[in-house]
1. Given the Cα atoms of the stretch 120-204, and with Rh set as the inverse mean 1/r over their pairs in the Kirkwood sense, what is Rg to Rh to two decimals?
2. Under the rule of at least 5 residues apart or a separate chain, name every residue whose amide H is placed under 5 Å from the amide H of V274.
3. Under the Karplus relation 6.51 cos²θ - 1.76 cosθ + 1.60, θ = phi - 60°, what is the ordered set of whole-Hz ³J(HN,Hα) values for the stretch 199-205, x standing for Gly and Pro?
4. Can you tell me the FRET efficiency between L78 and Y186 if r is taken as the Cβ-Cβ distance and R0 is 25 Å, rounded to the nearest 0.05?
5. List the residues of the stretch 245-271 whose backbone N lies under 20 Å from a point placed 7 Å from the Cα of D56 along the Cα-to-Cβ direction.
6. Can you compute the FRET efficiency between R111 and K136 using 1/(1 + (r/R0)^6), with r the Cβ-Cβ distance and R0 = 22 Å? Round to the nearest 0.05.
7. Looking at the stretch 45-84 from every direction and averaging, what is the projected area of its Cα convex hull in nm²?
8. Taking 0.36 nm per residue of separation and subtracting the Cα-Cα distance, what length does fully extending D88 through R147 add?
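What follows draws every value from the coordinates through simple rules; no lab data is involved. As the structure is a computational prediction, the values presented were derived from the model and not from experiment. In this analysis, Cβ positions are derived from the backbone assuming ideal geometry, glycine residues included, and neighbour counts consider all displayed protein chains.
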Amino acid sequence: MPRRRSLLLFVLACALAGGARADARDDDAHRFAIIGHGFTDGGEKRLKQALADNDDKDVAFLVVTGIKGANEPCTDKLYQKRRELIDDARRPVIVLPAGSDWTECRNSAGRTNAIERMNRIRELFYGEPSTLGARKLPLTRLSMSPRFRSYAENAHWSVGKVLYATVNMPANNNHYLNEAGRNSEYEDRLVANRFWLHRLFAIARRDKLEAIVLFSEGDVKALSQPTGLRALLRGAVPDNDGFAEPRRLILSLAQKFRGKVLLVDGTRMRARPVIEWRGNVGHLAAGADALEVVVNPETKTLFRVDPRKVETANGARKD
């Protein structure tokens, strides 16, 4: 009898352990939303509507691409209003800087004040170790490293077995300037981003994560990078390609990572948002739309765009 009782207890323990693992896998399934840069170009109305439309309780977090359009002023007043609008969202919100937020800003004398404006945005949007919005997610910022205290906009967080991170690479050729002299802002940020990418992949390997998702406004064009014989036959990369180094680095790090690497940016190459894959590297061009991505560890691709949750910049739903 004691032996039979021990056997029953062992079977029950195994069943409970199996159930716990299954629940954990179920918990890893989630979704996140992306609000493309087109929602800021017409002012606050579309951004406010997009935040409300993607406020589903099953959305783990929202990523907002940019805080203002190219034709809007680079003033503290506008920055502050957008901060308050985004912070009113009920879901956790991560703001991804866009080029029009800072790279195209000029002072009253017509000279660029991009660095000063980026620093002001950092003070307003990236001064806390958590997301914006009423519900918070803890963030780890690059600025926590003494060497890179300025780069608070680069942050990472995890949901389930997926590591998410922002990388400041604006769409206008990564703010590479075609002019004589040292391209100081670009070169300094390149060093910071290089350190950041190495750290992200090291964390993912250490924690045996299933995927890394990198958000940036600019498209590094990782899937257009030739491989094999095509790479050997290809001519030299133009000196003014602002994405050449991050592209090479991301592909190199992805080759040593067993999980998936999804690159999400604010461009659009197709009529509708789809995830394209080459090996373990995927690309999602969110464009100016708002959309939701389903993350399901039980599926082979892990990520898919929910076609019912794609909203165009003009407010129309795509069915």
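1. Values: Rg = 14.1 Å, Rh = 14.1 Å.
Using Cα coordinates only, the ratio equals 1.00.
2. The list, which skips near neighbours in sequence, is A285.
3. Whole-Hz 3J(HN,Hα) from phi for the stretch 199-205: 5, 4, 5, 5, 4, 4, 5.
4. About 0.50, to the nearest 0.05.
5. Within reach of a label on D56: 264-265.
6. The computed FRET efficiency comes out at 0.05.
7. 3.3 nm²
8. 18.0 nm
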